[in-house]
Amino acid sequence: MTETLTKIVVDCSTGEQTVVPLTAEEIAQREADAAAYAELKATQEAEAAQIAADKVEAIAALVALGLTEAQIAALTK
Amino acid sequence: MTMQLIQTTTAGSGGAATIEFTSIPQTATDLLITVSGRSVNAVVPDSLYITVNSSSSGYANQYFTGNGSLSAAGTYGSSGIILNGGLAGGSTTSNTFSNSSIYIANYTSSSAKAFSLEAVIENNATEGRLNIQSGSWSGTTAITSIQIACGGGGNIAQYSTISLYAITKGSGGATVS
């Protein structure tokens, strides 16, 4: 049995709180939003991982050029 | 300045896909949303997905995020305001919830609306999450409703609490009714 998706509606003018099922349109929008977020999250994580990898290579290059650990640490702060 | 609780709600058994505040009073200056939230998705940081007036366009987001070993910053447009880390995912330590807040300035104005967001996740493991974000909605109508969902597509978990506050400028402050 498929679980019914629900939303809590809080009426700020009366304080009444009701639990109602999502409409078909709301469910479709929810699925589209979730797909968009998944894509966004993957992009963000890939960017962060690339930055981390580039940083490791950059530090190695600086070491090869003769910079000290302290100098590199100062640059990367 | 005065700050007054408008309404608060806690997700019951089974959680909820969306929490919506409607008929928001138009007598204050700014709005503050606080979230102690968790999702059912098997992730560590999960996101809050926020829209206003049921609008699905006109949003922009700028983020800075860190998890203790990686940090990143950037911008993205969206059909909503997405606060990454706004919910503690189901893979975080049991019974731990996020600590998130969303500040909306001048929510009744006829100009675009600015958002200031922050979120932290507590997790008794190697990964936590800190997010600081700014956002905007280009709509020029007053905000009368706010929709809050789990960006990962699952439910906001039971015991998650979301509260809406009215912030009123000035020493006297208007009483929100």
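The values are calculated or read from the model by the stated rules, or taken from the named source; none is laboratory data. Only a predicted model underlies this, so the values are computations on that prediction, with no experimental measurement involved. Note that we place each Cβ from the backbone using ideal geometry, even for glycine, and neighbour counts take in every protein chain shown. These area figures cover heavy atoms from the full protein model, side chains too; ligands, DNA and RNA do not enter into them. Shrake-Rupley method; radii C 1.70, N 1.55, O 1.52, S 1.80 Å.
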| said: Just to verify a result, which residue in region A:12-31, among those that are more than 8 Å from chain B (Cβ to nearest Cβ) and part of a loop (DSSP other than H, G, I, E, B), is modelled with the highest pLDDT? | reply: A:Glu16
| task | Filter region B:9-32 for residues that are within 14 Å of the chain's Cα centre (by Cα) and under 26 Å from A:Glu25 (Cα atoms) and give the result. | result | B:Thr9, B:Thr18, B:Ile19, B:Glu20, B:Phe21
| Is one or more of the residues making up region B:121-130 within 11 Å of another protein chain (Cβ to nearest Cβ) and either surrounded by fewer than 24 Cβ atoms within 10 Å (Cβ to Cβ) or without any contact (Cβ under 8 Å) to a residue 12 or more places away in the chain (or both)? | no
| field | Odd one out for B:Phe64 among (1) within 23 Å of A:Gln29 (Cβ to Cβ); (2) touching a strand residue (DSSP E or B) at 6+ places or on another chain (Cβ under 8 Å) | value | (1)
| Any residue in region B:101-111 that is in a loop (DSSP other than H, G, I, E, B) and open to solvent by less than 10 Å² (accessible area, probe 1.4 Å)? | yes
| field | Single condition A:Val9 does not satisfy, out of (1) more than 23 Å from B:Gly154 (Cβ to Cβ); (2) within 7 Å of chain B (Cβ to nearest Cβ); (3) of a type in the set (Val, Ile, Thr); (4) not in a helix (DSSP H, G or I) | value | (1)
| Mind checking whether some residue in region B:81-88 is on the phi > 0 side of the Ramachandran plot and either of a type in the set (A, V, I, L, M) or crowded, with 24+ Cβ neighbours inside 10 Å (or both)? | yes
| query | Can you name the residue in region A:32-60 that is open to solvent by 70 Å² or more (accessible area, probe 1.4 Å) and β-branched (Val, Ile, Thr) and, of all such residues, is farthest from the other protein chains (Cβ to nearest Cβ)? | reply | A:Val56
| Restricting region B:1-27 to residues that are open to solvent by less than 20 Å² (accessible area, probe 1.4 Å), in a loop (DSSP other than H, G, I, E, B) and out of contact with any Phe, Trp or Tyr (no Cβ under 8 Å at 6 or more places or on another chain), the residue that is farthest from the other protein chains (Cβ to nearest Cβ) | B:Gly15
| said: Return the pair list, or none, for Cβ contacts closer than 8 Å from residues in region A:50-77 that are modelled with pLDDT under 90 to residues that are part of a loop (DSSP other than H, G, I, E, B), at least 6 apart or on different chains. | reply: A:Ile51/B:Leu70; A:Ala52/B:Ser69; A:Ala52/B:Leu70; A:Leu75/A:Leu67
| field | Hits in region B:43-76 - residues which are crowded, with 19+ Cβ neighbours inside 10 Å and within 14 Å of B:Thr18 (Cβ to Cβ) | value | B:Ser47, B:Leu48, B:Tyr49, B:Ile50, B:Thr51, B:Val52
